[in-house]
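The values are calculated or read from the model by the stated rules, or taken from the named source; none is laboratory data. Source: prediction; values computed, not measured. Here Cβ is always computed from backbone atoms with ideal geometry, including for glycine, and neighbour counts include all displayed protein chains. The area values use the complete protein model at the heavy-atom level, side chains included, leaving out ligands, DNA and RNA. Shrake-Rupley method; radii C 1.70, N 1.55, O 1.52, S 1.80 Å.
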Amino acid sequence: MLYRKLGSTGEKVSILGLGCMRLPIMKGQYNKVDKDSAVSLIQKAIDSGVNYLDTAYSYHNGQSETVIAEALKGGYREKVFIADKLPSWLIQKRTDMDQYLEKQLERLQTKQIDFYLLHSVKEDYWSNLESLEVLEFLDEAVKDGRIKYTGFSFHGEIELFFDVIDSYKWDMCQVQYNFVDDNYQAGKEGIRYASSQGVGLVIMEPLRGGTLVKKIPPEVQEIWNEADVKRSPVEWALRYLWDQEEVDVVLSGMTTLEDLDENLGIAEQGLTNTLTSTEKEIIKEVRLTYKGRKEIDCTQCGYCMPCPSGINIPANFEQLNHAYMFQDVKNSRMNYYMLLKEGERASNCTECGDCEKLCPQMVTIQKTLKKVSETFEK
Ligand code: SF4
Ligand code: SF4
């Protein structure tokens, strides 16, 4: 296993982290973790050099944390860093933060969480957390030893990312980033900025929830097939990330021992600056091919905003485009409901027509919003 120093913490973390949100389950039920298989998976990962476990209050309805506690008995706890997350969307008052943290320490059966993140920071959660003095809460939790390092996972726009980074002395952050989403949410620009500030970088969704390797459009598969270097799409995706100096840990939500073995094998080659310019060109070609599958010619410029009814027009179109680009309505629907507030969604359009004359791309906004609504809300 290869290791990198996580930002300015100086902690030596494995470049492959185990995301504990897709642990093996029983009878297809997300909140029924197959405890024995999950414990074996976690312990085998640690025996193979993985020292970064990522969990959250909500994963597997709390069982991710309790199963980790089981797996870390018998000397394993000392070998790993645990990253856990405050459920931002459940916080209504300052004391909630302490209560959730206490509960998590109890579930994990540990005295200290190594990396404690604010989960899924985006515009609305962040303003709520800030107003409830979450930064003071983090200071106190570090001071009294309940957590060692602070961080946040991010799902907002780039401008917010800069604001959040500048608002506190974070130790690390966790962002969605992969060879297609290089300019999405924090994106490459955000990653570079965080790294320049000494903030460690943990990458989530390296395979876009599996979409980049399971539902490959034929024109993308053709590019992979024609490349001189033969690699699986998983290998291309992970090598792309580890090639970058800013990246410290790449999380993979592994379910089986086969997933683990495949990732461990690829991680052996995960050195920085090892992809050739030809290999980078291949990845770029694949990225452009995915982007060329966009259904709507929306550039996300935002000139159509603000909408008097509060609709976030570009965000609606972004999710519809993702559904086409990745042949994955299910995942895009999930993001549609997770990332857009109720009032921002397509079905609230009153068809006033104010926006259409402002769009330089001549997008038929009203008609396309109907399509968004039909695709995700029906
Ligand atoms: S047509 Fe719909 S989306 Fe456009 S400004 Fe009016 S309400 Fe908003
Ligand atoms: S103005 Fe047109 S291109 Fe720009 S964000 Fe709105 S719909 Fe997209």
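Below are the figures for this structure:
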{"quantity": "DSSP bridge pairs, the chain: antiparallel proportion in percent, nearest 5", "calculated": "15 percent"}
{"quantity": "Accessible surface, per residue, of the chain when the full set of protein chains is kept, probe 1.4 Å, Å²", "calculated": "44 Å²"}
{"quantity": "The chain - percent of accessible surface contributed by carbon and sulfur, probe 1.4 Å", "calculated": "48 percent"}
{"quantity": "Environment charge of Tyr149, counting only residues whose C-beta is closer than 9 Å and scoring Lys/Arg +1, Asp/Glu -1", "calculated": "-2"}
{"quantity": "Cysteines not pairable in the chain (beta carbon separation under 4.7 Å absent)", "calculated": "Cys20, Cys173, Cys298, Cys301, Cys307, Cys349, Cys352, Cys359"}
{"quantity": "Filter on Lys148/Lys215; Lys111/Lys214; Lys122/Lys230; Lys148/Lys230; Lys35/Lys214; Lys214/Lys371 - keep pairs with C-alpha separation over 30 Å", "calculated": "Lys148/Lys215; Lys111/Lys214; Lys122/Lys230; Lys148/Lys230"}
{"quantity": "Met21-Asn128 pseudo-label distance in nm [points 7 Å out on the Cα-to-Cβ vector]", "calculated": "1.7 nm"}
{"quantity": "For the range 151-183 versus the range 264-284, the gap between their alpha-carbon centres in whole angstrom", "calculated": "24 Å"}
{"quantity": "Dipole magnitude of the chain, debye to nearest 20 (Cβ charges: Lys/Arg +1, Asp/Glu -1, about Cα centre)", "calculated": "700 debye"}
{"quantity": "Dimensions (Å) - the chain, Cα atoms, principal axes, largest first", "calculated": "64, 56, 45"}
{"quantity": "Area accessible to solvent at His119, 1.4 Å probe radius, in Å²", "calculated": "20 Å²"}
{"quantity": "Relative contact order (%) - the range 208-277, alpha-carbon pairs under 8 angstrom, separation at least six", "calculated": "33 percent"}
{"quantity": "Amide H contacts under 5 Å for Gln176, placed H, 5+ residues apart", "calculated": "Phe154, Ala186, Met204"}
{"quantity": "Phi to ³J(HN,Hα) by Karplus 6.51 cos²θ - 1.76 cosθ + 1.60 over the range 2-11, Hz, x for Gly, Pro", "calculated": "9, 10, 9, 7, 7, x, 8, 5, x, 6"}
{"quantity": "Stokes-Einstein D in µm²/s, Kirkwood radius over Cα pairs - the range 219-376 at 37 °C with 0.692 mPa s viscosity", "calculated": "180 µm²/s"}
{"quantity": "C-alpha center-to-center spacing [the range 1-41, the range 341-378] in angstrom", "calculated": "40 Å"}
{"quantity": "Over 29 Å between alpha carbons, listed pairs Lys27/Lys93; Lys188/Lys330; Lys291/Lys357; Lys93/Lys370", "calculated": "Lys27/Lys93; Lys93/Lys370"}
